[in-house]
Amino acid sequence: MSVQDNLYDEAIVAYGASLERLARAYEADTEDRRDLLQEIHIAIWRSFELYNARCSLRTWVFRVAHNIAVSRMMRKRRFLSNLVSLDDLESLPDPLIRHSADQRLMLDRMWELIQQLKPMDRQVIVLYLEDLDAASIGEVTGLSPQNVATRVHRIKNLLAQWYQKGVNDEPRPAKR
């Protein structure tokens with residue numbers, strides 16, 4: 001096996017599940033998600049021809065994956081008009097945030113919320129959820145670690161508010 005193949009195998013063993021979650025953050029549709037994941041895998045394998053270990057394998061993999069996801073999303077212009085920033089989320093009515101005893105439904109709604117973020121905000125929160133620190137997220141996104149920390153703090157507060165509201169709300173009767 002070549003060095004490229006070995007690096008790819010190592011990356012997929014270590015970060016395969018993370019790449020699947022990343023694809024889910026960018027594509028709600030199952031088939032589109034599979035296509036995106038396939039594009040990411042191909043791009044990662046190809047990218048190892050150029051890998052020189054100046055950054056960690058983890059940073060490299062996430063940088064390539066996010067670049068592919070964002071490029072694909074930008075090609076799908078129809079989604080761009082529906083994206084909102086973190087600043088705008090606080091003023092939105094909460095169609096995605098309803099009380100639910102079903103934990104899976106709550107998780108799905110969280111992913112729906114993440115999918116509505118602008119690409120940069122989405123990148124930051126997905127990388128944060130994958131347990132990257134602010135410096136590593138900054139390497140992937142091009143943001144300063146301070147800017148990353150601020151964005152992460154803001155979205156964590158927003159999600160905490162959403163969670164508290166969902167827990168404290170009484171179930172509402174269905175409208176007829």
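Filtered by the rule that a residue be surrounded by 15 or more Cβ atoms within 10 Å (Cβ to Cβ) and either in the same structural domain as Glu130 (by TED's automatic domain parsing) or among the β-branched types (Val, Ile, Thr) (or both), segment 36-68 gives Ile40, Ile44, Thr59, Val61, Val64, Ile68. May I ask you to list pairs of residues, at least six apart or on different chains, whose Cβ atoms are under 7 Å apart, with the first in segment 7-35 being in the same structural domain as Trp60 (by TED's automatic domain parsing) and the second being acidic (Asp, Glu) and modelled with pLDDT of 95 or more? The qualifying pairs do not exist here.
The values are calculated or read from the model by the stated rules, or taken from the named source; none is laboratory data. Owing to the predicted nature of the structure, the values given are computational and were not obtained by experimental measurement. Positions of Cβ are generated from backbone atoms using ideal geometry, with glycine treated the same way; all protein chains shown enter the neighbour counts.
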